[in-house]
Structures are given as structure tokens and as C-alpha cells.
Amino acid sequence: MDDLRVTIPGARRPIHAVRGVTFAVREGEAVGVVGESGSGKSMTALAVARLIEEPIRVEAGHLAFAGEDLLAAGDTASLRRRLGTSLAVVFQDPMTSFNPAHRVGPQLAEVSRFHQGLSRRAAFAQAVDRLRAVRIREPERRARQHPFEFSGGMRQRAMIGMGLMGTPRLIIADEPTTALDVTVQQQVLGLLAEVRRDTGAALLLISHDVSVVTDVCDRVLVMYGGRIVEELPAQGLRTLARHPYTRALVAAVPDMETDLTRPLAVIPGLPVDPAHVPAGCAFAARCPLADDHCRSAEPVLEADPAGNRVACHKAGQPLPARTEEVTA
């Protein structure tokens, strides 16, 4: 995609949820998207999946999936079939994504009946097979149960199974481990890794958890205020980050070496309001390095010789020593 913009109508002024996002996901690659709530992560993913409707406006210089221009194609049956079978979306809360009034198996089977024209019996058999593929025990019995009869981890696996009803080339996972305990979280992430290995699908993983994307992804996009502010290899997130926001996100994640006698690191202030994005760098009000130039001129996302990108006038400059903060 190139120069993606998502604008939401507002009572007084439009809300610029995504402002000029440009990136590509290569075949078989895992790309993580991190940032605080309101940074534009989910809206970017929904725009790629064509799940945003009027009156929200989606614009881009170029927005393509599997070689097809999504903006030029319009809302055609062939495009819906392509997206329905080649693009899988794992939502944040499967309890609200599944219809609580219908059994799980028929909900999965609906994908194959609608997009692939399978009979009711064949589609249900495929749904049972996909539940088995995501390691749900007794899939025949579980397929006849309602979503509330599944645990949180099982519902998330079933959501992944729904994505496997087709032949996904891209899996968009939006906070797939939210509200899951650590053990189940690792099981879900391991399952996504297995699916990628078995199908060759690419993965776009949206998460608040920096440690998750470091373990799972090849590359990381850091978003703030509707823009990408840094792009770098996942394994270099702790050592190669140059944007003060990226470094603050990393510092806010405790590890086994964290000094428990000191307050945990936090990012001061609040995320920028997408309805009132200030001039200059959107992170300037919270940045310890910001000066008048940062507050007046928006930095351009530029690539270094290694291909890593950063949008910051003070990229790589040392941060001041952390002051002691006590949070309630």
C-alpha cells in the first residue's frame, strides 16, 4: 500500500485515523504493528481487508492484495470471493465475532458455502476438519456447540480455523491474544506459526505487546498518531530503535532484569487525539527530546542504508536519564 488514509466524519471536524501509511508485506513474511490504542493499527488492517464502509472514507495512492488493486476493483463478486478465500482475519475478541445464537460449525461452514459454493454437508465436513487442524479436541461434537460453550482459547482457535476455510495468502491477526493467559497465548501464537509454515501465508500481527511481535515477527512497524514512525527488524527492536516513542515502548516492558525496587517505566502524557492532531511531530508533547522545530515541522519517514525507516528530527539521539515516577 502507498499513502493510505482513513478519514472518519466528525461532528465538528473529520478524524484522521490513518494518515499516509505506506508499507508492503512480502509472501510468507510476518510483520508486526505496535503502538498504543488510537494509533491507527486496527483501522489500517480493516482498510486492507476491505471491512470499512461508508461514511468512513478510505483513500490511497495504491492499495493492492495478491496483485489486485483493491480500490479500482470496486465491490464485485470476484473480489469478495478473492478476499473471502485468500485473506483471513483473526479478530481481537472472538466472542463478539461469532454469532452467539448459531453453532460454531455452521458459522465456519458458511465461508465455504458462500465463497466456494460447497453443499451444506460438504461445508460442514470441511469445518470439522478445520477445527481438527487447529487442535480442538472432539471437533465433530464441538462443531455442534455454541460459542459460549468454548473457552477463550478455543474460540480464538476456532476463529483461526474459520480463516483456514479458504487458502489464505495473508492472515491479519488483530490482538489475537488479548485477555488470554500466558500459556494459552503461547499456544495461539504457536498455532499461527504452524499455519504460516503449512500454508506459506504472510502474517500481519497487530499487538500492544512488544515482546510478542519480537518473538513472532520478522519486521515491526511502529505507529503513532495514525502514521508509521519507525520500521525495523523485529530482532533489533531493543537495540536498533531510534525513535523516542519506540524506545519508550520497549522500556515500558519489564523483563527478568528489571529493577523491582524502582517504579516501572511509563510514557508520560496521553496518546494524541486523532481528531486534534497538532502541527509538527504528533509525539512532540510527550517526547523528552522535542524542541520548537519538532513542534512545527512534521518529520518525514526516511530510510537508512539498511532499509530501516524512521520519522524523527532527533532520531538516535540519547534520551535523558529516566526520572523516578510513581503511578497509582
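The values are calculated or read from the model by the stated rules, or taken from the named source; none is laboratory data. If you're wondering where the values come from, they're calculated on a predicted model, not measured in any experiment. FYI the Cβ positions are ideal-geometry reconstructions off the backbone, even for glycines, and counts take in every protein chain you see. SASA here: full protein model, heavy atoms, side chains in, ligands and nucleic acids out. Shrake-Rupley method; radii C 1.70, N 1.55, O 1.52, S 1.80 Å.
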Next on the checklist: I want to verify a result. In a Gaussian network model of the chain, Cα cutoff 10 Å, which of these has the top mean-square fluctuation: 124, 283, 23?
Outcome noted: 23
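Output the relative contact order of region 171-303, whole-number percent, from Cα pairs under 8 angstrom with separation of 6+ residues.
In percent, rounded to a whole number, it is 16.
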Checklist entry - Per residue of the chain, what 222 nm ellipticity follows from adding -39500 (n - 2.57) for every DSSP H run with n ≥ 4, rounded to the nearest 500? => result -9000 deg cm²/dmol
Checklist entry - In whole Å, how far is the Cα centre of region 15-89 from that of region 277-319? => result 26
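DSSP loop trypsin sites (Lys or Arg not before Pro) in region 111-172 with at most 16 other Cβ atoms within 10 Å of their Cβ, which ones?
Details: sites: 113, 120, 121, 130, 132, 135, 137, 141, 142, 144, 155, 157, 169; in loops: 135, 137, 144, 169.
Sites meeting the loop and neighbour criteria: 135, 137, 144.
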Item to check | Interchain or long-range residues, amide H under 5 Å from residue 20's placed H | outcome: 4, 5, 6
Next on the checklist: Which three extents, in angstrom, do the Cα atoms of region 1-80 have along their principal axes, listed largest first?
Outcome noted: 40, 30, 19
Checklist entry - Along the Cα-to-Cβ line of residue 57, 7 Å from the Cα, sits a label point; which residues in region 9-25 have backbone N less than 20 Å from it? => result 9-22
Checklist entry - Extension gain residue 181-residue 304, at 0.36 nm per residue separation less the Cα-Cα distance, in nm? => result 40.4 nm
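Can you give the accessible area per residue of the chain, in Å², using a 1.4 Å probe?
Value returned for the chain: 50 Å² of accessible area per residue.
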Item to check | Mean shadow area of region 155-221 over all directions, Cα convex hull, nm² | outcome: 4.3
Checklist outcome for this item: Relative contact order in percent for region 103-145 (Cα pairs under 8 Å, 6+ apart) equals 49
Next on the checklist: Within region 171-207, list the residues whose amide N lies under 16 Å from a label point set 7 Å along Cα→Cβ of residue 68.
Outcome noted: 171
Checklist outcome for this item: Nearest 10, in degrees from 0 to 90: the angle of helix 120-133 to the longest Cα principal axis of the chain is 50
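Which semi-axes, in whole Å and largest first, does the equivalent ellipsoid of the chain have when worked out from the alpha carbon gyration tensor as the square roots of 5 times its eigenvalues?
Computed over the chain, the values are 37, 24, 17 Å.
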Checklist entry - Local charge sum around residue 145 (other residues, Cβ-Cβ under 13 Å, Lys/Arg +1, Asp/Glu -1)? => result +3
Checklist entry - If you take every DSSP beta bridge whose two residues both sit in the chain, what share of them, in percent to the nearest 5, is antiparallel? => result 55
Checklist outcome for this item: Helix 104-115 sits off the longest principal axis of the Cα atoms of the chain, rounded to the nearest 10 on a 0 to 90 degree scale, by 90
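Subtract the Cα-Cα distance of residue 194 and residue 101 from 0.36 nm times their separation in residues, and report this length gain in nm to one decimal.
30.4 nm
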Item to check | Estimated D of region 173-308 in µm² per second, where Rh is the Kirkwood radius over Cα pairs and Stokes-Einstein applies at 20 °C, 1.002 mPa s | outcome: 127
Checklist outcome for this item: trypsin sites (Lys or Arg not before Pro) in region 1-63 lying in a DSSP loop, each with at most 11 other Cβ atoms within 10 Å of its Cβ, come to 12, 26
